[in-house]
Amino acid sequence: MTTKIIGTGSYVPERVVSNDDLAKVVETSDEWIQSRTGIRERRIADCEGTSELAAKAAAAAMENAGIEASEIDIIILATSSPDNCFPNGACEVQAAIGAENAVAFDISAACTGFVYALNTMHAFLKSGLYQTGLVIGADVMSKLTDWTDRGTCVLFGDGAGAAVVRAEESGIVRMVMKADGKKSHVLTCKARTSENFSTGKTPELGYTAMDGQEVFKFAVKKVPECVRQVLEESGTDIEEIKYFVMHQANYRIFESIAKRLKVSMERIPMNMDRYGNTSGASVPIMLDELNREGKLQPGDKLILSGFGAGLTWGATLIEW
């Protein structure tokens, strides 16, 4: 048995923030942002929290899969921006959708989050412990963003994507997950410190900080490597892959990855121009768009790949 995606869903906030809107609050321009990232606009949550976005994406995925909440055995939410330290967001989703039979927990792997969560879910289903699961990637990056830092604030957006999965005979073919903690300093967001007891100071939260050049070099090297690994280990030719559904970070990164893999850009679908970098949500949002647009047919082979803080990266070869 393996893990098959039987339904997808996504949700993004209604508020659209264009590059021109950002140019009013930080020194930048539409031309500067588009030429460097491929991003034109992003969605920003006003009052909605991460768990609310996740629950709405989950509901859409369950409807697409044609299942009831009572059928879900396990929920894994990948997020770097939970509403609370505890309870975890997955438990809040469980309550919101009425999946009272499901075990629920979060994982944190930044922009690789959904791929990590899907592969973790695969281990549970393949073991026979559970039959039906819900995998979600959701982030409200806007609350972690320093809106005075033009190097990062132009990149991120908010959103959620989800997939209902079930133990079946076809689905995930091969997976790989990687991490390199020695490079953790190149992409960070500081959490609350523990100094309040010893110093009496009020703890402060940090903002997202990034060494863009290091992240770029990491992505264009490691993503092709893990893609080739899952292809080689599964005995799959790269020409059999219909789409490479990758974390939506930067158009230039995609150009470099396509060149290294020797594939056309048409096989790397993109929506970063409309949503920006939604972190752990980007892969499932893109997957849901492909599904709902009728671009995925039974038997199609896809590679899902994410890369982000940690540093973390990974790839999953699936048969639709």
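Here are a few things to note about the model shown:
- A 1.4 Å probe run over the protein chains yields, for the range 2-169, 39 Å² of accessible area per residue, whole-number rounding.
- Extension gain from residue 129 to residue 238, taking 0.36 nm per residue of separation minus the Cα-Cα distance: 36.0 nm
- Solvent-accessible area of the range 23-154 (1.4 angstrom probe, protein heavy atoms only): carbon and sulfur portion equals 50 percent.
- Length-normalised contact order of the range 225-320 in % [C-alpha pairs under 8 Å, at least 6 apart]: 35
- Annotation: per residue accessible area for the range 222-320 equals 35 Å², rounded to a whole number [probe 1.4 Å, protein chains only].
- Given their separation in residues at 0.36 nm each and the Cα-Cα distance between them, residue 183 and residue 47 gain 45.6 nm when the chain is fully extended.
- The calculated 222 nm mean residue ellipticity attributable to helices in the chain amounts to -10000 deg cm²/dmol, summing -39500 (n - 2.57) over DSSP H runs of n ≥ 4 and dividing by all residues.
- Mean separation of Cα contacts under 8 Å (6+ apart) over length of the chain, as relative contact order %: 26
- Where a label projected 7 Å from the Cα of residue 16 along Cα→Cβ would reach, residues of the range 37-63 with amide N under 13 Å: 40-44
- Gap separating the Cα centres of the range 160-214 and the range 39-100, nearest whole Å: 18
- Comparing 191, 109, 78 in a Gaussian network model of the chain (Cα springs below 10 Å), the most mobile by mean-square fluctuation is 191.
- Within a straight-line Cα-Cα reach of under 29 Å, residue 242 can be paired with the following lysines, leaving aside sequence neighbours fewer than 8 residues apart in one chain: 4, 56, 126, 178, 217, 221, 222, 259, 262, 295, 301.
- In this label model, residue 198 and residue 1 are separated by 4.9 nm, measuring between points 7 Å along each Cα→Cβ vector.
- Using the Cβ-Cβ distance between residue 217 and residue 27 with R0 = 35 Å, the FRET efficiency computed as 1/(1 + (r/R0)^6) comes to roughly 0.85.
- Beta bridge orientation in the chain: antiparallel %, DSSP, nearest 5: 70
- FRET efficiency for the residue 297 to residue 143 pair, using the beta carbon distance and R₀ = 45 Å, is estimated at 0.70.
- Just the protein heavy atoms count here, and of the accessible area of the range 174-319 at 1.4 Å, carbon and sulfur take up 48 percent.
- Annotation: for a label point projected 7 angstrom from Cα along Cα→Cβ of residue 205, residues of the range 137-160 with backbone N closer than 12 Å are 140-146.
The values are calculated or read from the model by the stated rules, or taken from the named source; none is laboratory data. Everything numeric here is computed off the predicted structure, so don't read it as measured data. So basically every Cβ, Gly included, is an ideal-geometry build from the backbone, and we count neighbours across all protein chains shown. Areas reflect the complete protein model, heavy atoms only, side chains present, ligands, DNA and RNA absent. Shrake-Rupley method; radii C 1.70, N 1.55, O 1.52, S 1.80 Å.
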